[in-house]
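Worksheet: one structure, shown below.
None of the figures in this text is laboratory data; all of them are computed from the coordinates on show. Everything numeric here is computed off the predicted structure, so don't read it as measured data. Glycine also receives a Cβ, built like all others from the backbone with ideal geometry; neighbour counts cover every protein chain displayed.
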Amino acid sequence: MVAELRGRFRYGTGIRAVDAAIDFLDPLAETPLESWSRGYMIVYGVPAPLTQRVVIGANGIDYRVDFCWPELKVIGEADGLGKYGETPEEFRRMKSLELERQRALEAAGWLVVRWTWDELARNPQAVMLRIHAAIEQARLRRRAS
């Protein structure tokens, strides 16, 4: 889509930035937080994840995850607030479902790394280091088995 529009905007402020970024676009990104997270993954040398993939939990339920490295069984979840609803009751229910989901994924052998908008804004390096650490832990686990 962006590549199709690019021809209409040959000149103008920011066009070089668009040209530099176009190869990194992911049409599967569902939120700005996911796109922002991917940008930091690129900057910090995190191996490219698959996005919006379905992973089966130990309970047999299919869960779609934001990012995953399936060969290592690592999942990355960029947690925006919108998914939790607007009322305290919705928030409690969604948080409970999220915890159940994470437990099912971990019971199926997946490592799950979560981060929020605030975490990424305050200290992106810390978030990326957590992802790197999970990937390294998964590599060590795979070598040991």
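Couple of notes before you dig in:
- For region 30-77, the Kirkwood estimate of hydrodynamic radius, built from reciprocal distances between every pair of different alpha carbons, is 11.4 Å.
- Fewest-first ordering of W36, W69 by other beta carbons within 10 Å of each residue's beta carbon gives W36, W69.
- Percent RCO, i.e. relative contact order, over region 27-144, from Cα pairs under 8 Å lying at least 6 residues apart: 26
- Least to most buried among W117, W110 (fewest other Cβ within 10 Å first): W117, W110
- Amide H contacts of V112 (H built 1.01 Å from N, under 5 Å, at least 5 apart or other chain): I75
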